[in-house]
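Here is the structure we will look at, set down as structure tokens.
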Amino acid sequence: MFKENIKMSWMNLIHNKMRSFLTMLGIVIGVASIIALITIVKGAMDGMTSEFSSFGADKITVQAIGTPLKQGILDSDIQKLSEIENVAGVSPTLTGNTTVVYNGNEKKDVFVQGKNDVYFSKTKDLIETGRGINILDIDSENKVCLIGANIAEELFWGENPIGKKMQIAGVTYTVIGTLKESSSFSDSSNNDAVIIPYTTSMSLLGTGYINNVDVFMSDANDSEKITSDIEAVLNRAFNYNKDGFTIINMQDMLSSINRVTTMMSLMLGGIASISLIVGGIGIMNMMLVSVTERTTEIGLRKALGAEPKRIQQQFLLEAVFLSLFGGTIGLLLGALIAYAVCFLIGASFALSVFTVVLAFGFSAAIGIIFGIAPARKASKLNPIDALRSV
């Protein structure tokens, strides 16, 4: 009997193709909106998260603002930070602007960065050619440097810069490597940058303090404890003056971004779901009209012994069919729109299983919820009253 109800429900929908299509349209628009909005937002946010992760999700950044008694972090403080449990390495950074010269060609306002060997061992895809700074360069304060892609192109056009001598702020340095060109936010400054050993940069920049330190974690899951331990070390170093430093936990920031992404997806999904509710009202309206039109059919079936639950089942199946077919079309349309938009804005396209299940589940639920009232009305019709319309 269930198979017969499925067949009859299908035939009734086919018999009124235009009305069925117009009824499904609300579901199509609703599901397409959910799929497209959530997928586009997720693709855009994934790109932002990936971009942000290039800063290093496994590191904690310390910025030393300094106090009247202590202007920044010392090597002794870095040693204490490196001794913290689950700290894989500490990379200090000193920065400044200067002029570089090679063979009489000058480039002004070059961004100089003082780094150590940990920075190169923990940062992936950084070096194009040559080598990075090692521990010997740090200990001996060697006059060596790595140059950005723009500097290599402007000053060493047609030459291999490795091993060449250049002047940085009037001091001769040997080029030991070149940095990869990158248009990403995290590495864009390296295109016009020169990296030298941080111990050497102290003399070049005329400072004995370090104002920026990256603490790399061996286990990012322990970021809260490591942050607490770092704060304890710096509190002692700055005489418990918390205005002397700032700690930035990248893991916490990534978690915040993920929470915002989830909230935005749910919010947009909720807004798009309004279309599904409108579509459900359309289904209910069409089914109520159908019950009125098919009063004679219902009366004859009841007179021939059809149980109310069978009639209710048939009308409920019609509503579910409308929702599921509308959901399928909406899924395909939404995925197509999302793919086109993601392609245009350069975001990654990934249609998640959760989004598909959410859209289909919601559309099926809409069909059942809004189909119950017409189905119950049909099942409760009095056979005698129904047959009077014959």
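The values are calculated or read from the model by the stated rules, or taken from the named source; none is laboratory data. From a predicted model like this one, the values you see are computed outputs, not experimental measurements. Cβ: placed from backbone, ideal geometry, glycine included. Neighbour counts: every protein chain shown. With ligands, DNA and RNA removed, areas are computed over all heavy atoms of the protein, side chains included. Shrake-Rupley method; radii C 1.70, N 1.55, O 1.52, S 1.80 Å.
Observations, loosely collected:
- Rounded to whole numbers, the Karplus 3J(HN,Hα) couplings from phi for the stretch 24-40 are 6, 4, x, 5, 4, 5, x, 5, 4, 5, 4, 4, 5, 5, 5, 5, 5 Hz, using 6.51 cos²θ - 1.76 cosθ + 1.60 with θ = phi - 60°, and x at Gly and Pro.
- Listed cross-link partners Lys143/Lys180; Lys124/Lys164; Lys180/Lys225; Lys17/Lys309; Lys70/Lys225 are compared with a 29 Å cut-off, the Cα-Cα value being larger for Lys180/Lys225.
- Sequence-distant residues sharing a close amide H with Asn212 (under 5 Å, placed H): Ala64, Thr93
- Pair Asp252, Val278: separation of 7 Å Cα→Cβ label points (nm): 4.3
- Spacing of the two label points (7 Å from each Cα toward its C-beta) at Leu288 and Asn150, in nm: 6.7
- Applied to the stretch 91-103, the Karplus parametrisation 6.51 cos²θ - 1.76 cosθ + 1.60 on θ = phi - 60° returns per-residue 3J(HN,Hα) values of 10, x, 9, 10, 10, x, 10, 8, 10, 10, 9, 9, 6 Hz, with x for Gly and Pro.
- Sequence-distant residues sharing a close amide H with Val87 (under 5 Å, placed H): Ser218
- R0 of 56 Å, Cβ-Cβ distance Ser218-Arg376: FRET efficiency to nearest 0.05: 0.35
- Charges were assigned to the Cβ only: +1 to each Lys and Arg, -1 to each Asp and Glu. The resulting dipole of the stretch 120-168 about its Cα centre is roughly 120 debye.
- Averaged per residue, the stretch 164-264 has 47 square angstrom of accessible surface, using a 1.4 angstrom probe with ligands and nucleic acids left out.
- Whole-Hz couplings from phi, Karplus 6.51/-1.76/1.60, listed for the stretch 360-370; x for Gly and Pro: 5, x, 5, 5, 5, 5, 4, x, 5, 4, 7
- Look at where the Cα atoms of the stretch 91-155 and of the stretch 204-273 average out, and the two centres are 26 Å apart.
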